[in-house]
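Colleague: The structure is given below, and queries will be raised subsequently.
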Amino acid sequence: MAIIEVKQLTKVFGHDAVRALPLLEQGWSKEKIAREAKLTVGVNKAEFSIEEGEIFVVMGLSGSGKSTLVRLLNRLIEPTGGQVLFKGKDVVQMNPEQLREFRRKNIGMVFQKFALFPHRSVLANAEYGLEVQGVEKSKRTRLAMEALELVGLKGWEHHRPDQLSGGMQQRVGLARGLANDPDILLMDEAFSALDPLIRKDMQQELLELQARVKKTIVFITHDLDEALRIGDRIALMKDGVIVQIGSPEEILIQPANKYVERFVEDVDLSKVLTAAHVMRQPEMIRPERGPRVALQLMRDSGVSSLYVADNEMKLQGVITAENAAQALKENRSILEVMQREIPRVRPDTLLNDLFEMMSETHLPVAVVDEGDKLKGIVIKGAVLSALAGNAVPEGGLGS
Ligand SMILES: Nc1ncnc2c1ncn2[C@@H]1O[C@H](COP(=O)(O)OP(=O)(O)OP(=O)(O)O)[C@@H](O)[C@H]1O
Ligand SMILES: [Mg+2]
C-alpha cells in the first residue's frame with residue numbers, strides 16, 4: 001500500500017507565489033518564470049507515490065529541488081499547490097495541532113553534516129527531537145537509548161560527538177531521526193559529508209537497518225552510485241521537475257531522456273546489471289516427452305535447442321536438434337541423448353562475470369536458483385546489447 005501519495009505538489013518561492021501556478025500550467029519553464037515573473041520554482045507539479053517499506057531515492061543536480069521536495073512532505077516548507085497524502089490523509093490540509101502530531105508520530109528526519117550539538121552528550125543529541133516535542137525525560141531517554149542501540153552506539157551515550165568518528169556521528173543523527181519510531185524517515189544528503197569508505201559502510205548499515213525495522217525511507221542524494229546501491233526506486237529531478245521515476249535498472253537501461261542518459265552514462269553497467277536483468281524465457285521440454293515432440297517444438301518456436309526441466313522446473317539438461325534427430329533414429333529417449341553439462345549461474349551474477357564465462361561456451365547460460373530451478377537463459381547478444389546501454393530486448397528486467 002502507498003504510504004505517501006503526492007499529487008501535483010508544487011513549491012514556488014517569492015512574493016505572491018501562487019501567480020506562478022497558472023504559468024506552470026501553461027508550461028512555462030523555471031527559467032522563464034524566474035525571468036518574467038521574478039519567482040523561483042522549487043518543485044514543479046511532482047506526482048508519485050511511495051510504498052510502505054520502500055527506500056525511495058530523490059536524485060538530481062544541485063538546485064534541482066530535492067531538499068524542497070522532501071521538506072514539502074512534512075511541511076517544513078509550505079506547498080504552493082498540490083497534495084501530500086499520508087495514508088490517505090492530506091498533510092497540506094492539516095491544522096497546526098494535527099501537523100504537530102503527524103511530525104511527532106510519523107516522521108523522522110536526518111540531515112547532512114549531522115546537525116549535532118557539540119556540548120551535549122550523544123544521548124542528549126539523540127533525545128533532541130523528542131525533547132522539542134515535549135516528551136517527558138524518562139521516556140525520551142528510554143526511546144533514545146533504544147535508537148542508539150539500533151544504530152550500534154550502545155556504550156557511547158555519555159561521550160560527546162567530537163569524541164566520535166564521522167561515521168559514528170552520522171549514526172547519532174540517524175538515532176535522533178529514529179528515536180520517535182517514525183513510519184517514514186527523511187534523509188537529506190545524510191551521508192554526503194562522509195569519507196567514501198565510511199560512506200559505503202553507512203549505506204550498507206542503512207540497508208541492514210531497514211531490513212530490520214522496515215521503515216519507509218526517502219533518501220536524497222546527488223550521488224548516482226549511492227542511489228543505485230540503496231534505492232528501491234529512484235526519482236530523478238531537473239529544474240524542479242521529476243523527469244523519471246523507476247527502479248535502478250530502469251533508470252540505467254531505459255533512461256527517459258537525454259538528461260537522464262547523461263546522468264548515467266559513466267556507470268559501468270557490467271558491474272551493476274545481473275543475469276536476472278538480461279535473461280529471457282527459455283524454450284523448454286519435459287524429460288518424458290519423445291524426440292519427435294522435441295523436433296516439432298523446435299520448429300514451431302524457431303530454436304535449435306530446448307531446455308529439459310522436470311515438472312518442478314529443475315534443470316536436467318539441453319537437447320539440440322542433432323541430439324533429437326539422433327534419438328529418433330536410434331529410438332532413444334531425450335534423457336539419454338541430452339547434454340547434461342550446461343553452464344549455470346545464479347540470478348544475481350554480474351554481467352561482468354557472466355561475460356567471461358560466455359566467452360568459453362557456445363551455449364546460452366542457464367540461470368538457476370539455489371534449488372537448481374531454471375529461471376531463464378542468457379544469450380550472448382542480450383549481454384552485449386545491455387552493456388552497450390540498449391534496452392533489454394525480451395523478457396528483460398526479469399525481476
Ligand atoms: N528559501 C528559499 N527561497 C528562495 N528560493 C529557494 C529557497 N530554497 C530553495 N530555493 C530555490 O529552489 C530551487 C531548489 O532548491 P533545493 O534546495 O531544493 O535544491 P537541491 O536539489 O536540494 O540542491 P542541493 O543539491 O544544492 O542541496 C533552487 O533554485 C533554489 O535556489
Ligand atoms: Mg538540498
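The values are calculated or read from the model by the stated rules, or taken from the named source; none is laboratory data. Quantities reported herein were computed from a predicted structural model and do not represent experimental measurements. Here the Cβ is made from the backbone with ideal geometry for all residues, glycine too, and neighbour counts use every protein chain on show.
Colleague: Please verify whether Ile217 is within 16 Å of ligand 2 (Cβ to nearest atom) and part of a strand (DSSP E or B), treating the condition exactly as stated.
Modeller: No.
Colleague: Let me ask something else about it. May I ask you to list the residues in the range 220-235 that are in a helix (DSSP H, G or I) and either within 16 Å of ligand 1 (Cβ to nearest atom) or not assigned by TED's automatic domain parsing to the domain that holds Leu174 (or both)?
Modeller: Leu224, Asp225, Glu226, Ala227
Colleague: Shifting gears a bit: Counting only residues that are farther than 23 Å from Glu25 by Cβ and among the acidic types (Asp, Glu), which one in the range 45-91 is surrounded by the most Cβ atoms within 10 Å (Cβ to Cβ)?
Modeller: Glu54
Colleague: At least 1 residues that are of a type in the set (Gly, Ala, Ser) and surrounded by 14 or more Cβ atoms within 10 Å (Cβ to Cβ) in each: list the helices (runs of 4 or more DSSP H) lying fully within the range 243-349 that qualify.
Modeller: Output list reads 275-278, 291-301, 321-330.
Colleague: Somewhere in the range 71-87, is a residue away from ligand 1 (no atom under 16 Å from the Cβ), modelled with pLDDT of 95 or more and among the basic types (Lys, Arg)?
Modeller: So far as the range 71-87 goes, yes, one or more of its residues are away from ligand 1 (no atom under 16 Å from the Cβ), modelled with pLDDT of 95 or more and among the basic types (Lys, Arg).
Colleague: Further, regarding this structure: Here's a check for you: in the range 30-54, which residue that is touching a residue at least 60 places away in the same chain (Cβ under 8 Å) and of a type in the set (Val, Ile, Thr) is nearest to Leu207 (Cα to Cα)?
Modeller: Ile50
Colleague: Only one of Leu61, Leu39, Leu76, Leu99 is among the aliphatic types (A, V, I, L, M), over 23 Å from the mean Cα position of the chain (by Cα) and under 14 Å from Asp188 (Cα atoms). Can you tell me which?
Modeller: Result: Leu76 is the single residue among Leu61, Leu39, Leu76, Leu99 that is among the aliphatic types (A, V, I, L, M), over 23 Å from the mean Cα position of the chain (by Cα) and under 14 Å from Asp188 (Cα atoms).
Colleague: Could you check the range 207-219 and list, in sequence order, the residues that are surrounded by fewer than 22 Cβ atoms within 10 Å (Cβ to Cβ) and among the aliphatic types (A, V, I, L, M)?
Modeller: Leu207, Leu209, Ala211, Val213, listed by residue number.
Colleague: Another question, then. Could you grab me the full set of residues in the range 175-205 that are within 16 Å of ligand 1 (Cβ to nearest atom), out of contact with any strand residue (DSSP E or B) (no Cβ under 6 Å at 6 or more places or on another chain) and farther than 19 Å from Gly152 by Cα?
Modeller: Ser192, Ala193
Colleague: So, one more: Anything in the range 99-131 that is in contact with an Asp or Glu (Cβ under 7 Å, 6 or more places away or on another chain), farther than 10 Å from Arg160 by Cβ and in a loop (DSSP other than H, G, I, E, B)? List them, or say none.
Modeller: Answer for the range 99-131, where residues must be in contact with an Asp or Glu (Cβ under 7 Å, 6 or more places away or on another chain), farther than 10 Å from Arg160 by Cβ and in a loop (DSSP other than H, G, I, E, B): Phe111, Gln112.
Colleague: Ok, one more. Mind listing whichever residues of the range 223-237 are modelled with pLDDT under 95 and either among the charged types (D, E, K, R) or surrounded by fewer than 17 Cβ atoms within 10 Å (Cβ to Cβ) (or both)?
Modeller: The answer is Asp223, Asp225, Glu226, Arg229, Asp232.
Colleague: Here's a follow-up. Which residues, counting only those in the range 30-70, are assigned to a loop (DSSP other than H, G, I, E, B) and within 11 Å of ligand 1 (Cβ to nearest atom)?
Modeller: Residues satisfying the conditions are Leu39, Leu61, Ser62, Gly63, Ser64, Gly65.
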